[in-house]
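All of the numbers you see were taken from the coordinates with simple rules; none came from a lab. Please read all numbers here as calculations on a predicted model, not as lab measurements. Cβ placement follows ideal geometry from the backbone for every residue including glycine, while neighbour counts extend to all protein chains displayed.
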Amino acid sequence: MTGALHVPVLLEAVLQNLAPHAGGVYLDATVGLGGHAERVLAIPGTRLVGLDVDPEALAHARQRLAFAADRAALEEAPYGQLGQVLDRLGIAHLAGALFDLGVSSLQLDTPERGFSFRHDAPLDMRFSSSGVTAAQWLREVAEDELVTTLWELGEEPGARRVARAILRARDREPVLTTGQLRRIVWSALGHPRTRIDPATRTFQAIRMAVNRELESLPAALESAARRLIPGGRLVVIAFHSLEDRIAKHTMRRLSGRCVCPPGAFACQCDPEQVLTVLTPRPVRAEEPEAEANPRARSARLRAAERRAT
Ligand SMILES: C[S@@+](CC[C@H](N)C(=O)[O-])C[C@H]1O[C@@H](n2cnc3c(N)ncnc32)[C@H](O)[C@@H]1O
C-alpha cells in the first residue's frame with residue numbers, strides 16, 4: 001500500500017554513499033514512508049532508528065518496515081532532538097545518517113494537509129499535528145517578514161507584490177484555503193504562462209516558514225556527524241538551495257575548511273577535521289529518474305565520511 005505513495009529519491013546514490021552493511025546502526029532522520037530505510041534494513045544485520053514529525057508518515061513506515069521490526073526503532077521526534085532520542089535508546093555511535101529533507105509525496109498528495117494548490121483545501125501545511133497552521137501564520141505575519149520569507153525561502157522575485165496582495169486580501173477576509181492563496185498570488189503575478197504555476201514559490205516559502213525547516217538543520221547535521229564511527233557516512237538530500245548550502249557548509253567546516261563569508265576580518269566558523277567530503281559537487285538525478293519522478297529534478301545529494309582521528 002505504501003510502496004506506490006512515495007518513490008524514494010536518488011535511491012541508488014543514497015545506498016552507494018551511505019554504504020550500509022551488516023552490524024551497522026543507521027539513523028534515518030526523516031524516515032517519511034520508509035522508502036530509503038526499507039533498503040537499508042533489507043541488508044541483514046543492519047539496525048535503524050527512524051525519526052519523523054509526521055505521525056501519518058510514521059504509521060506508513062511502520063507497515064513498510066514491519067519485516068524488520070526487531071531491528072528498527074521509529075520515533076515521532078524532530079531531527080533537532082536526534083541526540084536525546086539516540087541517548088534514550090542507548091545508541092552512542094552511528095555507522096551512517098541520512099537526511100532526506102522537505103516534503104513527501106504523501107503530504108503533497110493529501111488534500112486536507114493543505115500543502116498543494118492542486119486541490120482546494122484548508123491552508124494547513126504542518127508536517128506535524130501541532131504548531132501554527134499556514135492560515136494562522138498568514139493572519140499574523142508582518143509585511144516585511146512576509147517579503148523576506150517569500151524572497152529568501154521562495155526565491156520569489158515579486159515578493160513585495162505578492163506580500164502586499166496577501167495583506168490586502170486578508171484585510172477583506174481571512175485567507176483560509178489553498179485556492180484563495182493561489183488566486184491571490186495570481187492577482188499579483190498573473191496567471192500561469194508556463195508549466196510552473198506562479199504560486200509554487202509562495203507555497204514553498206510559507207511551508208518552510210510554518211515548519212521552521214532550516215532552523216534546527218545545521219545543529220542536527222553536526223550532531224549526527226559527531227556520532228559517526230570512523231568510516232561512517234553522513235548523507236543529505238536537499239531540495240532547496242538554502243538547505244543545500246547548509247549541508248555543504250556543515251560538511252566543509254567539519255572537514256577543516258573555513259566557510260566564513262569572503263572578506264571576513266577573521267575566521268569565526270571554527271573549522272574542525274571531523275569529516276572527509278565525498279561529493280565535491282552534489283549528486284543530481286539522472287535523466288530517467290528526473291523524467292519519471294518530478295521531485296527528483298531539484299534533489300541534490302551530498303555525502304561525507306567520518307575520519308579516523
Ligand atoms: C522527503 S520526505 C522523506 C522520505 C523518505 N526518505 C522515504 O523514502 O520515504 C521528508 C520527511 O521529513 C519529515 N520531516 C520534516 N521536518 C522534519 C524534522 N524537523 N524532523 C524529522 N522529520 C522531519 C517530513 O514529515 C517528511 O516525512
Cβ-derived FRET efficiency at R0 22 Å, T194 paired with A290, nearest 0.05 = 0.80
Which ³J(HN,Hα) values in Hz, rounded to whole numbers, follow from the phi angles of segment 253-264 under the Karplus curve 6.51 cos²θ - 1.76 cosθ + 1.60, where θ = phi - 60° and Gly and Pro get x?
-> 4, 7, 9, x, 9, 6, 10, 5, x, x, x, 4
What Kirkwood hydrodynamic radius do you get for the chain when you take the inverse of the mean 1/r over all pairs of distinct Cα atoms, in Å?
-> 20.4
Using only alpha carbon pairs under 8 Å that are at least six residues apart, calculate the relative contact order of segment 116-210 and give it in whole percent.
-> 38
Theoretical FRET efficiency, 1/(1+(r/R0)^6), r = Cβ-Cβ of H119 and R245, R0 25 Å, to 0.05 | 0.20
Residue-span extension gain [R139 to A66] - 0.36 nm each, minus C-alpha spacing | 22.1 nm
Please state, rounded to one decimal and in Å, the Kirkwood hydrodynamic radius that segment 116-210 gives when every pair of distinct Cα atoms enters the mean of 1/r.
-> 13.0
If V277, V103, V31 are placed from fewest to most neighbouring beta carbons inside 10 Å, the sequence is V277, V103, V31
Label I229 and S128 with points 7 Å out from Cα along Cα→Cβ: what is the distance between them in nm?
-> 3.1
Going from the fewest other Cβ atoms within 10 Å to the most, one would list Y79, Y26 as Y79, Y26
Count the DSSP beta bridges whose two residues both fall in the chain, then state the antiparallel fraction as a percent rounded to the nearest 5.
-> 40
At 222 nm, what helix-only mean residue ellipticity would the chain give, in deg cm²/dmol to the nearest 500, using -39500 (n - 2.57) for each DSSP H run of four or more?
-> -11500 deg cm²/dmol
Taking alpha-carbon centroids only, segment 157-192 lies from segment 245-309 a number of Å equal to 35
Take A92, project a point 7 Å from its Cα along the Cβ direction, then tell me which residues of segment 225-246 have their backbone nitrogen under 15 Å from it.
-> 226-230
For the chain, calculate the relative contact order in percent as a whole number, restricting contacts to Cα pairs under 8 Å that are 6 or more residues apart.
-> 18
Computed over segment 1-61, the relative contact order (Cα-Cα under 8 Å, seq sep at least six) in percent reads 37
Integer Hz, Karplus 6.51/-1.76/1.60 couplings in order for segment 75-82, x for Gly and Pro = 10, 7, 7, x, 5, x, 10, 4
Determine, for E12, E38, E173, the number of other Cβ atoms within 10 Å of each Cβ, and report the residues in order from fewest to most.
-> E173, E12, E38
On a 0 to 90° scale, report how tilted helix 217-227 is relative to the longest principal axis of the chain, with both axes built from alpha carbons and the result rounded to the nearest 10.
-> 10
Label R307 and E215 with points 7 Å out from Cα along Cα→Cβ: what is the distance between them in nm?
-> 3.4
